[in-house]
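Student: Handing you this structure, nothing more for now.
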Amino acid sequence: MIIREAKTNDIKQIQIVRNSVTENTLSNPNLVTDEDCEEFITERGKGWVCEIDSQIVGFAIADLKENNIWALFLDPKFEKKGIGQQLHKTMLDWYFTQTKDTVWLGTAFNTRAELFYRKAGWKEAGTHGTKEIKFEMTYNDWVGLNR
């Protein structure tokens, strides 16, 4: 298993993973385009992938412009192996070397993702739209969790 920085030639496999999930599915897969992915990993922030046997099985993308976690997804066949935790740690370690600004994310209610973020130390901060919980992580909370 390799965690590495995402490159533009990873986008096709990233999209396959994004569209393989059973929770937080897109109502229309065309809502997140290849161009969106490229912008987020090259201009707005950075992304990472987890590769097993030359196949991308998970990815994470942080957005510095909006201080947001834009994506953290795993192929369902690779869940419960610690991959999400490694991607999460890699992404937040990087994020907080770039800025001390609080980072936020939105995720659907009553999902495994909601439980994942609560367990990882994210604090609920209201709602994002009508269908998502908004979570936040401060620099100090992140540093405290990783002592």
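Every number here is computed from the coordinates shown, using simple stated rules; none is lab data. All values derive from a computational prediction rather than experimental measurement. Glycine also receives a Cβ, built like all others from the backbone with ideal geometry; neighbour counts cover every protein chain displayed.
Student: Return the sequence-ordered ³J(HN,Hα) values of the range 41-52 in whole Hz as given by the Karplus equation 6.51 cos²θ - 1.76 cosθ + 1.60 applied to θ = phi - 60°, using x for Gly and Pro.
Tutor: 8, 10, 10, 8, x, 8, x, 9, 10, 10, 10, 10
Student: Suppose the chain between Asp101 and Glu124 were pulled fully straight at 0.36 nm per residue; how much longer would it get relative to their current alpha carbon spacing?
Tutor: This chain segment gains 6.6 nm when fully extended.
Student: Could you please state, rounded to a whole Å, how far the C-alpha centre of the range 85-103 is from the C-alpha centre of the range 31-84?
Tutor: Taking the Cα centre of the range 31-84 as reference, the centre of the range 85-103 is 13 Å away.
Student: Name the residues of the range 87-113 whose amide N is less than 15 Å from a point 7 angstrom out from the Cα of Asn67 along the C-beta direction?
Tutor: The answer is 95-106.
Student: Quick one: which residues, 5 or more positions from Trp70 or on another chain, have an amide H under 5 Å from its amide H? H modelled 1.01 Å from N in the peptide plane, none for Pro or chain starts.
Tutor: Ile61, Ala62, Asp63
Student: Place a +1 charge on the Cβ of each Lys and Arg in the chain and a -1 charge on the Cβ of each Asp and Glu, then give the dipole magnitude about the Cα centre in debye, rounded to the nearest 20.
Tutor: With Lys and Arg at +1 and Asp and Glu at -1, about 560 debye.
Student: Moving on. Over the chain, calculate the relative contact order: mean separation of alpha carbon pairs under 8 Å at least 6 apart, over the residue count, as a percent.
Tutor: Reported as a whole number, the value is 19 percent.
Student: Which FRET efficiency value, to the nearest 0.05, do you get for Asn19 and Lys80 by plugging their Cβ-Cβ distance into 1/(1 + (r/R0)^6) with R0 = 25 Å?
Tutor: Efficiency at R0 = 25 Å is approximately 0.75.
Student: Something else about it: Let me check against my output: what whole-number percent is the relative contact order of the range 25-106, with C-alpha pairs under 8 Å and at least 6 apart?
Tutor: Normalised by residue count, the contact order of the range 25-106 is 23 percent.
Student: Computed from the mean reciprocal separation of all distinct C-alpha pairs, what Kirkwood hydrodynamic radius does the chain have, in Å?
Tutor: Result for the chain stands at 15.4 Å.
Student: Output the peptides 57-63, 105-111 sorted from most to least packed, where packing is the average of other Cβ atoms within 10 Å over each peptide's residues.
Tutor: Top to bottom by mean Cβ count within 10 Å: 57-63, 105-111.
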